[in-house]
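Values quoted throughout were computed directly from the atomic coordinates according to the rules given, and no laboratory measurement underlies them. This is a predicted model, so every value here is computed, not measured. Using ideal geometry, Cβ is built from the backbone for each residue, glycine included, and neighbour counts are taken over all protein chains shown.
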Amino acid sequence: MKRSDAIKLLLVEDNPDDLALTLRALGKANFSSQVLVARDGLEAVELLFGEGVHSGRNIAEELKVILLDLKLPKLDGLEVLRRIKGDPRTKLIPVVVLTSSKEQRDIVESYQLGVNSYIVKPVTFERFSETVRHLGCYWLLHNQPPKISE
Amino acid sequence: MSSNEPTFDPPQTPKVPLLAAHADAPIPTAFDRPPTAAGDEVAAPDASTGRSSAELDASELRYRRLFETAQDGILILDAETGMVDDVNPFLITLLGFSREQFLGKAIWELGFFKDVAANAQKFAELRDKEYVRYEHLPLETSDGRRVEVEFVSNVYLVAGAKVIQCNVRDISARRKAEEALALLRVELEARVTLRTAELLDANRELEAFSYSVSHDLRAPLRAIDGFSQAVLEDYGDLLPAAGQDQLKTIRRGAQKMGCLIDDLLAFSQLSRASLNKRAVNTEAIVRAAWAELEAQRAGRIVDLRIGALPGCSGDPALLKQVWLNLLSNALKYTRKREQAALEIGCLKTNGTDTFFVRDNGTGFDLRYADKLFGVFQRFHRAEDYEGTGVGLAIVQRIVQRHGGRVWAEAVVDRGATFYFTLEKDDCS
């Protein structure tokens, strides 16, 4: 994380172990410098909308993808997703839910709120690493996001 | 209330309006005998009939006995005066008045038939109607007890004189039974409501439980597996081979538990998912399931025979899961055969379709067959055949939810056959 204008991926994750493993996998694929981390739902929203301690910051325009956990303190993932997709400043940013849950109601509600992809974290580390690497490659390198202009 | 019993609506009488305000819906019983039309004279015993006096005595005796022993009250009235001509023992006992108290009195003087004929004028109406019926008439006995009766009166001619015959059936016991039944029905409904609420609660709890399992139980396993791997990657050089093996064992344990959690969640989801029944092309789903197992049978020689498979009614996704699990099992336990032989088919027993999957695999000891379909029950060592022991439990759950059953036959080292039905059969 050298300069904030290089931030392309917002990782919203509260579990320190999952965070370390995700960052490790992203690091192996050389995406470390483009990643910004929010440790709960509220921090994610403040970062995205330049509010609270992050007022004045504007990362939304540069983001190519948001990796969002669902079970988060303060503001849960679905609520964060609702705010992102309900605000003209952020609704075009691709959001990928990256969670432990395979529950149908989580999947259905995420898609109803407009999620762009839903990925269940594999338990096995190799598969987890590979999944995260794929996500990074796909959303940061291959996918063409829309230009967000206000 | 049975609707099979015959009803005998009076042929000439237009629909008789029920006079009693508390009459219930008509209950058809054999009691609804058609009235004898007033015009049809009942012949008086008379020499002109050509019957001997002995024959007439016999006939009189027969009908007298009928009158005396009837288990319904019978009251014979003079249609002109409303006076009681005769009363049978049953009515005397029922109401607790003596024969003398009845005889020679007009019906409206008796007191208990106020609702039928309160006075001479009302009585005239009764007579003119020729057929009157009350489903439900409360009467009071001499000792003040309330009895409920069904009341029917008919008018006919005897030797040129009009007679009114009143039949009085004690329906107190029936009414009591009906009331008890109604009460029971209310209680039953309340109990069903309560049980349903309890069931919904239990279901919600189960859902919350598996939701929590789904979210929270996988994360620590990911940490155990991931950081063990991280140690191997980052510090593997510093560890002796035995230490590396131990880390690998830790990882296997974590991964196995991940599989167990996944299977357990899949199993519990089956109980909650709604059943979307429709017509299913069995052969199509069997072929689809077989195609999905391509990876599992890669590089093996498997002789598959599919017999005639009739269509069935069920949830296509769940039924496909049944076939997937049974076929996957058959492939797994024939793994050590040079040539695996699988047979899929359907038998018709007593009109019920019984589907089966047969293999020439390792089989199992039938003595343990009762454990076969339990969750996490395993028949083989983990090092021989992998698995969590949920596959057949899932099969059983799905089959049972369709109203059918599943069972197996097997011989150790000779193979196994799994059968299932999707509807009730004679053995279920």
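One table, with the values for the structure above:
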quantity	calculated
Structure-based [θ]222 nm, chain A - -39500 (n - 2.57) summed over DSSP H runs of at least 4, per residue, nearest 500	-10500 deg cm²/dmol
Phi to ³J(HN,Hα) by Karplus 6.51 cos²θ - 1.76 cosθ + 1.60 over the stretch B:380-386, Hz, x for Gly, Pro	10, 5, 4, 6, 7, 9, 6
For A:Val65, distant residues with modelled amide H under 5 Å away	A:Leu10
Ranking of A:Thr90, B:Thr349 by count of other Cβ atoms within 10 Å, fewest first	B:Thr349, A:Thr90
Per DSSP, loop chymotrypsin sites (Phe, Trp or Tyr not before Pro) in the stretch B:339-380 with at most 13 further Cβ within 10 Å	B:Phe376
Residue-averaged [θ]222 nm for chain B, counting only DSSP H segments that reach four residues, each worth -39500 (n - 2.57)	-13500 deg cm²/dmol
Unit charges on C-beta of K, R, D, E only; dipole of the protein assembly as shown, Debye	2660
Helical segments meeting 30 Å axial Cα length and Kyte-Doolittle -1.0 threshold in chain B (DSSP H)	B:172-212, B:241-272
Gaussian network model of chain B, Cα within-10 Å springs - most flexible of B:Asp263, B:Asp78, B:Asp359	B:Asp78
Equivalent-ellipsoid semi-axes of the stretch A:4-142, from the Cα gyration tensor, Å, largest first	21, 18, 14
All-pairs Cα distance distribution in the protein assembly as shown, expressed in whole percent, bin size 10 Å	3, 12, 15, 12, 11, 9, 8, 9, 9, 7, 4, 2, 0, 0
Candidates per GluC sites (Glu not before Pro) in the stretch B:290-361, loop by DSSP, up to 12 other Cβ within 10 Å	B:Glu338
Candidates per trypsin sites (Lys or Arg not before Pro) in the stretch A:53-150, loop by DSSP, up to 10 other Cβ within 10 Å	A:Lys147
The stretch B:97-255 - percent relative contact order, Cα under 8 Å, separation 6 or more	11
Summed side-chain charge close to A:Lys74 - residues other than A:Lys74 whose Cβ falls under 10 Å, Lys, Arg +1, Asp, Glu -1	-4
Whole-percent pair-distance distribution, where bins are 5 Å wide, for the alpha carbons of the stretch B:199-272	3, 15, 20, 16, 12, 10, 8, 6, 5, 3, 1, 0
Per-residue ³J(HN,Hα) for the stretch B:410-422, Karplus 6.51 cos²θ - 1.76 cosθ + 1.60, θ = phi - 60°, Hz, x for Gly and Pro	7, 10, 4, 6, 10, x, 9, 10, 10, 10, 8, 10, 10
Selection from A:Ala6, A:Gln34, A:Leu135, by position along the positive dipole direction of the stretch A:4-142 (Cβ)	A:Leu135
Amide H contacts of B:Gly361 (H built 1.01 Å from N, under 5 Å, at least 5 apart or other chain)	B:Gly415, B:Ala416
Net lengthening on full extension, B:Ala291/B:Ala242 (0.36 nm per residue, minus Cα-Cα)	13.5 nm
Semi-axes of the equivalent ellipsoid for chain B, Cα gyration tensor, largest first, Å	84, 28, 17
The stretch B:199-272, dipole about Cα centre (Lys/Arg Cβ +1, Asp/Glu Cβ -1), debye to the nearest 20	140
Normalised per residue, the volume of the convex hull around the Cα set of the stretch B:249-365 (Å³)	152
